[in-house]
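Colleague: Before we start, here is the structure in question, set down as structure tokens.
The values are calculated or read from the model by the stated rules, or taken from the named source; none is laboratory data. Remember, it's a predicted structure, so these values are computed and weren't measured experimentally. Note that each Cβ is placed from the backbone with ideal geometry, even for glycine, and that neighbours are counted across all protein chains shown. Ligands, DNA and RNA are excluded from the accessible area calculation, which covers all protein heavy atoms including side chains. Shrake-Rupley method; radii C 1.70, N 1.55, O 1.52, S 1.80 Å.
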Amino acid sequence: MTRQPVRQKKEKKEYHGFQAVIRDPQVIIAVVLVIAALCAIFVPVGDRGDNPTNLKFGLDLDGGSWIQLEFQADTVTIAPPASAAELNAIINSLHDSLDCTVKYLDGNKIEVDKKLSEDDLKAAFAKAGATYITKAAGVGSETADVIKRTLESKVNSMGTSDVKVNIISDMSGISQYVRVELAGVDINEAQEILGNQGLFEIRIETTNGETEHVLYGDTVVSVQPASQSKNVWGVGFTLNEDGAVAFQQMAIATGATTNWNAHNINMYLDGEEIFSAPLAEDLAKSLKKNPVYTMTASTGAGDEGKEKAKELEIHLRAGALPVEVQIAGVGSTSAALGDYFKVICIIAAIAALAAVAVLVYVRYRALSIVLPMILTNISEIVILLGIAVFIQQLDLAAIAALIAVLGTGIDQLVIITDEVVHEGVVPGKQLYLKRLKRALIIIITSAATVIIAMLPLILMDLSTLKGFAIVNILGILIGVIITRPAYGKIIMEIMANKKTK
């Protein structure tokens, strides 16, 4: 009987120095993200014009215009109604006496989508049996959100890129303004695009030039692109159930289904006629029997018909704002000034990075610490820019946030370095990891406080301040999750058994 040889367990090979760094999972993740970010920034995707990168710049850096629109509506505070039935009675009475849409918001607030004097409001509310307390200019959050989405649809349908639409609200949630920023669009074009926003309505002619209301734009659920059929341009659109039934009933009531040439279908934007034409014979006959959900508004032949069709398409897509708006302010940045700002931002970023490098070197007197710090900081900014390609325009506020991230990033790297390098020496691995963990806990706590401080700027939707907050929070998260732990591992390997001066 022979004795079996005992197999020796193969010891796991330990790596040190540069080999350990390039094999560390956290370092690998950071490097992969940097490469992915560089690809996102520089690899050409679609038509990016003269821009050498895929980064999107706001009107501060690319030139463009902004317009601030004021909602022509009021939110009225009343004494709380005794019951739901009493509230419904108040709403119905106000709707009839004010001849506008009246909406209950919450508690004791009612939205009136029409700008009226305080005396008129008091009289209407007294007639409705409600105790008027005060009014505030603006609309509720639901109406403001509809306006925001409508304006975005309007501008996007024009083919305009790099658009920001921000609702400006107070602490109570009442929104009085919406600010629209259009990069690369001059002030005249911006006013032409947004200045005519308003209520879209379809009416039908009756007799003696009179018209009857049929429906508003909120019943238009989809719009087809302007197209040509048999040399005639037109726009197809689809109505929802309420819109289709209302259209059929009014067509029958006015006699348009039997004498269609005498009853034009008119479309209006803010009371101004933008389209007028009789029903097609086959459509009129169909309406006698059933509601028709999809129909086409014909605008004529040739280039003129084509242009009218494109304009009508825009109005059908985004003409139905819940309330009227007025231009409250406008401004613009020229393309030349935007290019100047870009140069200044680049110089500021380089100067900030150089200043940080000098101060860190003065503190530690060791390039083996300074270089990893600076490279870590740069990688953090690159990753952040790669993410910004997909979610955020870069304006002056966003650039300021990038520089702030650079500064806070160095602060946190200094915390790690001071915590783990004791008396100029990196301790043993176990003690080092313990100290690194303690440093990361300090950094995470600090980062959490900054994120909490930035959240109100995002939730309140304060235009450019929102971009500042988003970039700041993203930079903090990238640092805490990716670059700080990777830097800790790099320093451990590079500084192992070395003393700083």
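Colleague: Could you list, in sequence order, the residues of the stretch 234-272 that are assigned to a helix (DSSP H, G or I) and either within 16 Å of GLY209 (Cβ to Cβ) or basic (Lys, Arg) (or both)?
Modeller: Listed by number, the residues that qualify are THR254, ASN261, ALA262.
Colleague: Also, I was wondering about something else. Show the residue pairs that are 6+ apart or on different chains and have beta-carbon atoms under 8 Å apart, the first residue being within the stretch 414-440 and more than 16 Å from LYS489 (Cβ to Cβ), the second being at pLDDT below 70 and loosely packed, with under 13 Cβ neighbours inside 10 Å.
Modeller: Qualifying pairs under 8 Å: GLY424/LYS499; GLY424/LYS501; VAL425/ASN497; VAL425/LYS499.
Colleague: So, ILE369, is that one within 23 Å of LEU33 (Cα to Cα), modelled with pLDDT under 85 and assigned to a helix (DSSP H, G or I) or not? Let's see the steps before the verdict.
Modeller: Working: within 23 Å of LEU33 (Cα to Cα): yes; modelled with pLDDT under 85: yes; assigned to a helix (DSSP H, G or I): yes.
So ILE369 fits the description; yes.
Colleague: Exactly one condition in (1) open to solvent by 50 Å² or more (accessible area, probe 1.4 Å); (2) at pLDDT 85 or above; (3) more than 16 Å from ALA144 (Cβ to Cβ); (4) in contact with a strand residue (DSSP E or B) (Cβ under 8 Å, 6 or more places away or on another chain) is not met by THR77; state its number.
Modeller: Of everything listed in (1) open to solvent by 50 Å² or more (accessible area, probe 1.4 Å); (2) at pLDDT 85 or above; (3) more than 16 Å from ALA144 (Cβ to Cβ); (4) in contact with a strand residue (DSSP E or B) (Cβ under 8 Å, 6 or more places away or on another chain), THR77 misses just condition (1).
Colleague: Say we look at the stretch 388-412 and pick out the residues that are of a type in the set (Gly, Ala, Ser) and closer than 15 Å to ILE443 by Cα; which of these is most open to solvent (accessible area, probe 1.4 Å)?
Modeller: GLY407
Yes/no matrix, rows are residues, columns are (1) more than 24 Å from SER83 (Cα to Cα); (2) under 28 Å from the mean Cα position of the chain (by Cα):
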residue	(1), (2)
TYR104	no, yes
GLU111	no, yes
SER117	yes, no
LYS122	no, no
LYS127	no, no
ALA137	yes, yes
GLU142	no, yes
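Colleague: State all residues of the stretch 19-59 that are assigned to a loop (DSSP other than H, G, I, E, B) and open to solvent by less than 80 Å² (accessible area, probe 1.4 Å); if no residue qualifies, say none. It would help to see each step written out before you state the result.
Modeller: If we filter the stretch 19-59 for residues that are assigned to a loop (DSSP other than H, G, I, E, B), which is where we start, we get 24, 43-56, 58.
Answer for the stretch 19-59, where residues must be assigned to a loop (DSSP other than H, G, I, E, B) and open to solvent by less than 80 Å² (accessible area, probe 1.4 Å): ASP24, VAL43, GLY46, ARG48, GLY49, ASN51, THR53, ASN54, LEU55, GLY58.
Colleague: In this structure, does GLU307 turn out to be open to solvent by 40 Å² or more (accessible area, probe 1.4 Å), in contact with a strand residue (DSSP E or B) (Cβ under 9 Å, 6 or more places away or on another chain), modelled with pLDDT under 85 and not hydrophobic (A, V, I, L, M, F, W, C)? First the steps, then the outcome.
Modeller: Details: open to solvent by 40 Å² or more (accessible area, probe 1.4 Å): yes; in contact with a strand residue (DSSP E or B) (Cβ under 9 Å, 6 or more places away or on another chain): yes; modelled with pLDDT under 85: yes; not hydrophobic (A, V, I, L, M, F, W, C): yes.
For GLU307, the condition - open to solvent by 40 Å² or more (accessible area, probe 1.4 Å), in contact with a strand residue (DSSP E or B) (Cβ under 9 Å, 6 or more places away or on another chain), modelled with pLDDT under 85 and not hydrophobic (A, V, I, L, M, F, W, C) - is met.
Colleague: Next up: Of all residues in the stretch 250-268, how many are touching a strand residue (DSSP E or B) at 6+ places or on another chain (Cβ under 7 Å) and either loosely packed, with under 14 Cβ neighbours inside 10 Å or polar (S, T, N, Q) (or both)?
Modeller: 4
Colleague: Here's a check for you: in the stretch 454-480, which residue that is at pLDDT 90 or above and open to solvent by 30 Å² or more (accessible area, probe 1.4 Å) is farthest from GLN430 (Cα to Cα)?
Modeller: Step by step, filter the stretch 454-480, then rank; the result is LEU474.
Colleague: Do you know which residues across the stretch 144-186 are within 20 Å of ILE391 (Cα to Cα), surrounded by fewer than 22 Cβ atoms within 10 Å (Cβ to Cβ), modelled with pLDDT of 80 or more and touching a Gly at 6+ places or on another chain (Cβ under 9 Å)?
Modeller: ARG179
So that you can scan it fast, the table gives a plain yes or no per residue for (1) farther than 29 Å from VAL43 by Cβ; (2) without any contact (Cβ under 8 Å) to a residue 60 or more places away in the chain; (3) open to solvent by 40 Å² or more (accessible area, probe 1.4 Å):
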| residue | (1), (2), (3) |
| --- | --- |
| PHE341 | no, no, yes |
| ILE344 | no, yes, yes |
| VAL360 | yes, yes, no |
| LEU371 | no, yes, yes |
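Colleague: Here is a check on your reading of the model: is ILE110 closer than 18 Å to SER172 by Cβ and surrounded by 15 or more Cβ atoms within 10 Å (Cβ to Cβ)?
Modeller: Working: closer than 18 Å to SER172 by Cβ: yes; surrounded by 15 or more Cβ atoms within 10 Å (Cβ to Cβ): yes.
Answer is yes for this residue.
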